[in-house]
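Here is the structure we will look at.
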Amino acid sequence: MNKFFVLAVAALAVSCVRADSFDARAETREYKSDLKEDGSYAYQYQTSNGIAGQESGVGGYYASGSNAYYAPDGQLIQLTYTADGNGYHPAGAHLPTPPPIPAAILKSLEYIRTHPQQESRQGQGRF
């Protein structure tokens with residue numbers, strides 16, 4: 001049992017070194033960049049180890065793009081996003097999602113929406 005543990009740790013260490021050395025030797029295969037006088041821009045890149053990205057937009061106003069890479073477990077991670085006056089909006093299957101809203105809360109929100117509070121007269125407010 002103890003020998004199995006040592007062999008397993010050694011195999012894991014070798015696989016980590018192999019992955020790191022692979023990434024350390026990665027080269028840029030493609031890179032394009034364009035910046036225009038009106039502030040709009042676009043760029044894209046790709047490396048030999050599977051990392052890729054692209055983005056376009058208008059500086060300070062809007063951007064949209066995507067990134068992709070392979071996680072240590074070999075899973076392809078893909079992210080798309082937009083960024084504008086309403087914030088940053090990422091999307092990807094690997095991102096966590098919030099739990100569903102419980103039915104009782106949804107029912108309460110619907111009740112509040114359909115029964116707006118009426119303004120009370122001065123001196124007759126509810127506490």
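The values are calculated or read from the model by the stated rules, or taken from the named source; none is laboratory data. Just so you know, these numbers come straight off a predicted model, no measurement behind them. Backbone-built Cβ (ideal geometry, glycine too); neighbour counts: all protein chains shown. Note: areas computed on protein heavy atoms with side chains; ligands, DNA, RNA excluded. Shrake-Rupley method; radii C 1.70, N 1.55, O 1.52, S 1.80 Å.
General remarks:
- All positions within segment 65-113 that are open to solvent by less than 100 Å² (accessible area, probe 1.4 Å), aliphatic (A, V, I, L, M) and either touching a Ser or Thr at 6+ places or on another chain (Cβ under 7 Å) or closer than 28 Å to Gln46 by Cβ (or both): Ala68, Ala71, Leu76, Ile77, Leu79, Ala83, Ala91, Leu95
- Restricting attention to segment 52-91, the residues being in a loop (DSSP other than H, G, I, E, B) and under 22 Å from Ala26 (Cβ atoms) number 5.
- Top-ranked residue of segment 29-51 - restricted to ones that are touching a Lys or Arg at 6+ places or on another chain (Cβ under 7 Å) and part of a strand (DSSP E or B), ranked as farthest from Ala71 (Cα to Cα): Tyr43
- Residues in segment 43-59 that are β-branched (Val, Ile, Thr) and open to solvent by 30 Å² or more (accessible area, probe 1.4 Å): Ile51, Val58.
- Condition check for Ala26: among the hydrophobic types (A, V, I, L, M, F, W, C) and part of a strand (DSSP E or B): no
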